[in-house]
């Protein structure tokens, strides 16, 4: 279509990369191109895989690179967003100090935006997802860890050192007695409410529980596939212990959300990741705890909801960041 602009969004993960071309309205032109990341092959191979995934996405959209206005790339791990570097990503070892933005920009000769993957997912939900009617929002991503992103009036809060929005490391318990987080500290939200730690807490609760529970029966027979989703399914089926685990998880997430409401005062708090499949009861539990725990006026005004873009949020948000880059470019 004449006058239509197209933006490439690439979402790099520890296992796979997903990429698609997205139009000015946030709609992907095709299913995403997906390639295995294979971080063990080294960062040079990883950069080439990024480029190949971009080429495949452009081809899948029946476009050429000449049709592309800009490219957005999102990656996990510690990074220097301003410099366009991924520094020392734990799930992309042995990569270190990888010049992602400059490499992609040099290969394709296109304006290139670089962003943290959780920030990109937040922007996707803000642009065309669950928060598209909001002026400000906070996203909590619930997966192996807890990530997040904060957006205020179209601005992603990156922080001076690229660590803004590290919501999994909000302290919700005392640093001397709280649960140990993967980061080494105690009391982080991630240590309580990530999918990994929901399972860990459930195992601890089962060890102490003296009653009969379907959760223990399932775990005994299927410990290798005992996941947070199983726990939530058992809770929806009425299992008493599973309900307790889910209710506690909602409480911990509400503690994190309440801290952000008091700090940022957003229009909306959005929860994304696999656990949103737990349904309306889980959302309602979080909402109820937030209203009980938080300051009266802000918590009455903020909307608690679930993400709507699923696993597409990362590449859609990365494309949205490329679009922002072009819009914010100063005239020559």
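Annotations for the structure displayed:
- The chain, relative contact order [Cα under 8 Å, separation at least 6], %: 21 percent
- Normalised by the number of residues in region 132-308, the mean separation of alpha-carbon contacts (under 8 Å, six or more apart) gives a relative contact order of 22 percent.
- Separation between Cα centres of region 294-314 and region 233-251, rounded to whole Å: 21 Å
- P(r) weight above 39 Å for the chain, C-alpha pairs, percent: 16 percent
- With neighbour counts taken as other beta-carbon atoms within 10 Å, the residues 326, 8, 107 rank, fewest first, as 326, 107, 8.
- Between 0 and 90°, nearest 10: helix 240-264 axis offset from the chain longest Cα axis: 50 degrees
- Equivalent-ellipsoid semi-axes for region 51-126 (Cα gyration tensor, √(5λ), whole Å, largest first): 22, 15, 12.
- Helix 117-128 and the long axis of the chain differ in direction by around 80°, with both axes built from C-alpha atoms.
- Degrees between helix 313-328 axis and first principal axis of the chain (Cα, 0 to 90, nearest 10): 50 degrees
- Most fluctuating residue given options 252, 219, 123, as computed from a GNM of the chain linking Cα atoms under 10 Å: 219
- Within the chain, DSSP assigns beta bridges of which about 55% are antiparallel (rounded to the nearest 5).
- Of 49, 196, 213, the residue with the greatest mean-square motion in the GNM of the chain, using alpha carbon springs below 10 Å, is 213.
- Our summary gives region 10-105 a relative contact order of 27 percent, counting only alpha carbon pairs under 8 angstrom and 6 or more residues apart.
- Per residue, the convex hull spanned by the alpha carbons of region 132-308 comes to 124 Å³.
- Candidates 244, 281, 177, ranked by Gaussian network fluctuation over the chain, Cα under 10 Å, top entry: 177
- Per residue, the chain reaches -13000 deg cm²/dmol at 222 nm when only DSSP H runs of four or more residues are counted, each adding -39500 (n - 2.57).
- Which of 311, 284 has the fewest Cβ neighbours within 10 Å, and the rest in rising order: 284, 311
Coordinate-derived values only; no laboratory data. This structure is a prediction, so every number in the text was calculated from the model and none was measured. A quick note on method: Cβ atoms are made from the backbone with ideal geometry, for glycine too, and the neighbour counts reach across all protein chains shown.
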